[in-house]
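Working notes for the structure below.
Computed from the coordinates by the stated procedures, all read-outs in this text should not be read as laboratory data. Here the structure is a predicted model, which is why all the values come from computation and not from measurement. Virtual Cβ from ideal backbone geometry, glycine too; neighbours counted across all protein chains shown.
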Amino acid sequence: MTHKKPLVGIVMGSASDLEVMRGAAEILDSLGIANEMKVASAHRTPELVHEYVTTAPQRGIEVLIGGAGGAAHLPGVMASLTTLPVIGVPVQSKALQGLDSLLSMVQMPSGIPVATVGIDGAKNAGLLAARILAIKYPELEKRLREYAEVMADNIRAIQLG
Ligand code: RP5
């Protein structure tokens, strides 16, 4: 990719989400997709979420990822502020092991979509962002195909017994 400016914005509700959410940045980095990370909470700093999301298109961001745990409204609020695609990552919580995060995120009201991945599924969120971008950037389609081929080869190489 010739893009040096971030195409993907990864937002998380707390610094405590970073360990999970860096999985999205790592897979995007490995595919050569520039990305940026930001901590902004839907509940504790709603004005930061508003500012980040509404200024994202003018900064060149094309896909957004939002990760949060517990009452995980962050990606839903992000999706309410933009027409960019928003991917949600339910982060595992202490009290309910992420089931609360998943259900808060996946049951969006009709008209405001969030593409929710599995609990702690930050890597898949990054891959989904890459697939969305591959519609516009053909070189990405090639890299994603190669990625899938390596994965398949690794499965085929497994010898049991
Ligand atoms: C959510 O509450 C965050 O996304 C995080 O997953 C969870 C706990 O946050 P901290 O209390 O660790 O800041 O808003």
For this session: Measure nothing but the geometry: give the 0 to 90° angle between the long axis through the Cα atoms of 122-134 and the longest principal axis through the Cα atoms of the chain, rounded to 10°.
Result: 80 degrees
Exercise. Can you give the angle from 0 to 90° between the axis of helix 46-55 and the longest principal axis of the chain, with both taken from C-alpha atoms, to the nearest 10?
Worked result: 50 degrees
Exercise. What lysines sit close enough to residue 142 to cross-link, taking a C-alpha to C-alpha distance under 28 Å and skipping anything fewer than 8 places away on the same chain?
Worked result: 4, 5, 123
Seminar exercise, completed: The exposure ranking of 100, 120, fewest beta-carbon neighbours within 10 Å first, is 100, 120
For this session: Calculate the dipole size of segment 69-161 relative to its Cα centre from +1 charges on Lys and Arg beta carbons and -1 charges on Asp and Glu beta carbons; express the result in debye to the nearest 20.
Result: 80 debye
Seminar exercise, completed: Taking 55, 116, 45 and counting other beta carbon atoms within 10 angstrom, the fewest-first order is 55, 45, 116
Problem set entry | Percent of beta bridges antiparallel (DSSP, the chain, rounded to nearest 5) | 0 percent
Problem set entry | Order of 147, 137 under a 10 Å beta carbon neighbour criterion, fewest first | 147, 137
Seminar exercise, completed: Around residue 70 (Cβ within 14 Å, Cβ-to-Cβ, excluding residue 70; K/R +1, D/E -1) the net charge comes to -1
Exercise. Under unit Cβ charges (Lys, Arg +1; Asp, Glu -1), what dipole magnitude, rounded to 20 debye, does the chain have relative to its Cα centre?
Worked result: 180 debye
Problem set entry | Dipole of the chain, positive end: most advanced residue of 117, 50, 61 [Cβ charges, Cα centre] | 61
Problem set entry | Per-peptide average of other Cβ atoms within 10 Å, ordering 26-34, 64-72 highest first | 64-72, 26-34
